[in-house]
1. Can you find even one residue in the stretch 18-26 that is outside the structural domain of residue 148 (by TED's automatic domain parsing), surrounded by 18 or more Cβ atoms within 10 Å (Cβ to Cβ) and within 30 Å of residue 147 (Cβ to Cβ)?
2. Among the candidates 186, 181, single out the residue that is surrounded by 15 or more Cβ atoms within 10 Å (Cβ to Cβ) and either hydroxyl-bearing (Ser, Thr, Tyr) or not assigned by TED's automatic domain parsing to the domain that holds residue 99 (or both).
3. When both residues are 6+ apart or on different chains and their Cβ atoms are under 6 Å apart, which pairs have a first residue that lies in the stretch 8-29 and is part of a helix (DSSP H, G or I), and a second that is polar (S, T, N, Q) and surrounded by fewer than 16 Cβ atoms within 10 Å (Cβ to Cβ)?
4. Going by what's in this entry, would residue 139 be described as of a type in the set (Lys, Arg) and either farther than 22 Å from residue 58 by Cα or modelled with pLDDT under 90 (or both)?
5. Among the residues in the stretch 58-75, are any in a strand (DSSP E or B), crowded, with 21+ Cβ neighbours inside 10 Å and not assigned by TED's automatic domain parsing to the domain that holds residue 184?
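The values are calculated or read from the model by the stated rules, or taken from the named source; none is laboratory data. Here the structure is a predicted model, which is why all the values come from computation and not from measurement. Heads up, the Cβs are rebuilt from the backbone with ideal geometry, glycines too, and the neighbour counts pull from every protein chain shown.
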Amino acid sequence: MKTGFRKVLLIMPSVIVARGLEAALAEHGEFRVEGILADLSHASEARLRNMDVDVIIIDPVVFDYVSRASGRARLAEHSDAAVVALKTIPMEDEQIRQYDGVVSMYDDPVAVVKKLRESLASHEDTPESDGYDLSSREKEILVCVAKGMLNKEIADFYNISIHTVITHRKNITRKTGIKTVAGLTVYALLNNLIDPSSVEL
């Protein structure tokens, strides 16, 4: 586990709830809120894409009912962080299972910290590879990410599942230590994996 504090992004429409959660986490010192987004607008998604956080706590009410079942996948398009749902409304089991963890509005701060630790541990519990080098498939996925392709587009392009794309992206992040799309783009450029002219600025 990393030393120091873990960086958290809150995505929730209620400023009161967000500030209360921020204060509760600050008391324990292990987690520090780096930002608060009220929604997932295009501007918020752009900000999310360039943030280097360890965990995202999101109130699923930011999604409409139809898109709530795929909310976690939408976040994975922009960040490799662990994603924890803040349960403020009744949710179906299928909606809950997609997240790395769930905290309730009624959990005390100690329980929230414990659940965040567990969520991070399960999110990071991917088998270590034999070496630092990226596999040929991981390089292909990295190139697609650097070119601005979304997980669904990559999955369709290579005829693989979105889950497989997400797994490759987790492995790329683990091996390179880079979590942001901008950072991965720079990595791809520096390692001559892509032509600078093929990157949208």
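1. Taking every residue of the stretch 18-26 in turn, none turns out to be outside the structural domain of residue 148 (by TED's automatic domain parsing), surrounded by 18 or more Cβ atoms within 10 Å (Cβ to Cβ) and within 30 Å of residue 147 (Cβ to Cβ).
2. Step by step, each of 186, 181 is checked, and only 181 is surrounded by 15 or more Cβ atoms within 10 Å (Cβ to Cβ) and either hydroxyl-bearing (Ser, Thr, Tyr) or not assigned by TED's automatic domain parsing to the domain that holds residue 99 (or both).
3. Within 6 Å, no pair qualifies.
4. yes
5. Yes, some residue in the stretch 58-75 is in a strand (DSSP E or B), crowded, with 21+ Cβ neighbours inside 10 Å and not assigned by TED's automatic domain parsing to the domain that holds residue 184.
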